[in-house]
Amino acid sequence: VTVRPAEAASFNVTALRTERVDLYECGAEKKKIGQLARATFTGALPAATVDGSSLYIQVNVNGGQYCVKAFAVQTDKEITAPKDVECGTILAGKQEKTSSTRGIGEGCKR
Amino acid sequence: MKPRALWVGLLFAFNGCASGGGEGATAGWASKVPWIGEKSGEATMLAGVKPGPYEPSSLAVGEEKDLARHRGEALGFVRAPVLEQHLAELRASLVQASRKTGVPGRVVILASASYDAFSTPDGNVYVSMGLVSALESDDEVAAVVAHELSHVLLKHHTSDVLADMEKRGQALYELGLDAKTQFTGTQAGKGDTRNLLAIQAATEATDKVMLPAWGRGQERDADRLGVDLLVESGHSAPAMISMLEKLQAWETANAQAEQDFWERMKQASQRNLNETVGVLYQKVTQSTSDAHPKTAERMEDTARYLERHYGNRDLAEPKADAWTSAKSRPEVAQVLQNYKQAFAARRLLEEGKAQDAYTAARTAATGRTANDAYPNWILSRSAIAVGRQNEAIDALRRAVGSAEPVAVVYEDLILVNEREGRVPVALDWADRASQVFAGAPRWTPHKIRLLRKTGRIIEANTLALNCSVSTPDLKRQCQEANQTPAGQTRR
């Protein structure tokens, strides 16, 4: 059995989605204790999931452990998606464009 | 020169609306769109939706007719009552959160492996099986439905009127030009050709450039109102972003199709346009291509919106249980698994692995999907590929008899009969398809071609004329079909 160090199982914050991202204590109260600024954000911050909440993730900033709102940051967590085999068919079949809006993922329909 | 001035004027007027967040959309129909742009950043999108009875869209054709038409456009619907009930309940909670009453429509699952969802003026929300399978929580499913429902509530479908009007205008101008040429016995003049080119340019630009630009504003607003609906209905609003992350992953995996589209656009613009309008068009195309809707931007906008309006609220945690439980019920799990097999069979068939495709398709057309159209259509195709003709015919028969018909089955039947010289039978299948799919226009080119082959030229001409004006998207196909060599009249 190979025991991996915690870092190996974690991921990184690679970008901030908002101009400023609040840093919180990771306790139950989530007290705000600082901010990250998008303008000065460089590189990647080591991150990990937070037990019992997927709304926050834990990040390591200058050696300190903080929590950030998960929706406010971009990470390098791998999200897999299958190669679409129907795209061509939908393209061919979508003949009456009128009266339906572009939807969630209509990329290859046009 | 008037048409050019008019169309170019339109082109820039609508470009302004799109890039300006819709604040300039004050004329005529556009003023009915309850658009809230960047300038009203303090209010939520939901605050702009007036509570009370929903006013039906003028573009609505009727819920059932809309369903029949869309059934004919893709690969059919998947019937999974437990999932459909679950989706209906999610939708109901979102409608309630909107404070609108009497919002029509329902959520339908499309037999497609792609990540796709769209809505129609009738309020119907179509979600592909690929997306349904990929979503991991009730909240992500609700996010998809909330986004599409938002298009309905915000009457975004109205923008399609613009494209449709332009195409009809172009079709009429071309028809008028044809009539003039035939009547006078002369070639179209330089002025006529220039006007036509300008109209074509504006129509193409609206369709491919301006509407996507307008669409970006729509997508953003639908994301934002979707977030409001998620919050108000007690769902986890950040699911809108996790859902978009999955979409982004799918886009990355399927980037080639997108690149192919823009390559075709580039070639078309080089081929068709060589005047001032063309140069402008190419520039706009290029800039829009560079700023093509990016899911990452939508995620950023949604994150900012969430933070701005709900940053101080305790947002709900995502709940996976109900969705997981619905998907893992035996009757649902089997449907999901069988369609997965059917999609795999299709891919294998395209890769030339006929025997593997046949094996997968055999599994796909069993149990609860034994009589479903899509798995049987794939089984039919793969059975032919491995030389099992009788099995193929049986499968095709089941596909035709399915409660949820699939358009491609009818197309196969039309083409096979036509190829084997049974043109009247092929025409009969085209007529049947047109009925089954509520007169969906995709059957019109088939009918025109087959009518000509059976010598019914006047009927073919009438259909072609009607097609050019009423369904400009199909104009070229209808005109090509109407070039089919005329056959002998059969009575």
Residues of region B:403-446 satisfying the condition of being on the phi > 0 side of the Ramachandran plot and either away from chain A (no Cβ under 12 Å) or at pLDDT 85 or above (or both): B:Gly421
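Here's the yes/no breakdown for (1) more than 20 Å from the chain's Cα centre (by Cα); (2) polar (S, T, N, Q); (3) more than 10 Å from every other protein chain (Cβ to nearest Cβ):
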position	(1), (2), (3)
B:Asp66	no, no, no
B:Arg71	no, no, yes
B:Ala97	yes, no, yes
B:Val108	no, no, yes
B:Tyr115	no, no, no
B:Ser128	no, yes, no
B:His151	no, no, no
Listing of helices (runs of 4 or more DSSP H) fully contained in region B:317-366 that carry 1 or more residues being closer than 17 Å to B:Gly130 by Cα and away from chain A (no Cβ under 14 Å): B:321-328, B:330-350
Output for region B:291-313, where each listed residue is at pLDDT below 90, assigned to a loop (DSSP other than H, G, I, E, B) and within 9 Å of another protein chain (Cβ to nearest Cβ): B:Pro293
Residues (within 16 Å of A:Gly43 (Cα to Cα), touching a strand residue (DSSP E or B) at 6+ places or on another chain (Cβ under 7 Å) and without any contact (Cβ under 8 Å) to a residue 24 or more places away in the chain) located in region A:60-81: A:Asn60
Any pair with Cβ under 8 angstrom, 6 or more apart, that starts in region B:133-146 at a residue that is of a type in the set (Ser, Thr, Tyr) and ends at one that is not in a helix (DSSP H, G or I): B:Ser137/B:Ser236; B:Ser137/B:Pro318; B:Ser137/B:Lys319; B:Ser137/B:Ala320
Matching residues in region B:378-429 - criterion: being among the polar types (S, T, N, Q) and touching a helix residue (DSSP H, G or I) at 6+ places or on another chain (Cβ under 8 Å): B:Ser380, B:Ser382, B:Gln389, B:Ser402, B:Asn417
Tally, over region B:446-465, of residues that are part of a helix (DSSP H, G or I) and either of a type outside the set (A, V, I, L, M) or within 20 Å of B:Lys65 (Cα to Cα) (or both): 8
Residues of region A:60-78 classified as more than 22 Å from B:Arg313 (Cβ to Cβ) and buried (at least 16 other Cβ atoms within 10 Å of the Cβ), total: 3
Failed criterion for B:Val436 (all others in (1) under 22 Å from the mean Cα position of the chain (by Cα); (2) aliphatic (A, V, I, L, M); (3) surrounded by 22 or more Cβ atoms within 10 Å (Cβ to Cβ) hold): (3)
Hey, B:Ser57 part of a loop (DSSP other than H, G, I, E, B), under 16 Å from the mean Cα position of the chain (by Cα) and within 13 Å of another protein chain (Cβ to nearest Cβ) or not: no
Test: residue in region B:425-445 that is part of a helix (DSSP H, G or I) and closer than 19 Å to B:Ser112 by Cα: yes
Number of positions in region A:15-41 that are charged (D, E, K, R), surrounded by 18 or more Cβ atoms within 10 Å (Cβ to Cβ) and not in a loop (DSSP other than H, G, I, E, B): 1
First in region B:341-360 and among the hydroxyl-bearing types (Ser, Thr, Tyr), second anywhere and at pLDDT 90 or above and outside any helix (DSSP H, G or I), Cβ under 7 Å, 6 or more apart: B:Tyr358/B:Val386
Inter-residue pairs, beta-carbon under 8 Å, first surrounded by 13 or more Cβ atoms within 10 Å (Cβ to Cβ) and in region B:49-73, second in a loop (DSSP other than H, G, I, E, B) and among the basic types (Lys, Arg), 6+ apart: B:Val49/B:Arg99; B:Ser57/B:Lys155; B:Glu63/B:Arg106; B:Glu73/A:Lys94
Among the candidates A:Lys109, A:Lys83, A:Lys97, residue that is touching a helix residue (DSSP H, G or I) at 6+ places or on another chain (Cβ under 9 Å), modelled with pLDDT under 70 and exposed (fewer than 14 other Cβ atoms within 10 Å of the Cβ): A:Lys83
Which numbered condition B:Gly123 fails, given (1) surrounded by 24 or more Cβ atoms within 10 Å (Cβ to Cβ); (2) in contact (Cβ under 8 Å) with a residue 60 or more places away in the chain; (3) facing chain A (nearest Cβ under 9 Å): (3)
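The values are calculated or read from the model by the stated rules, or taken from the named source; none is laboratory data. These figures come from a predicted structure and were not determined experimentally. So basically every Cβ, Gly included, is an ideal-geometry build from the backbone, and we count neighbours across all protein chains shown.
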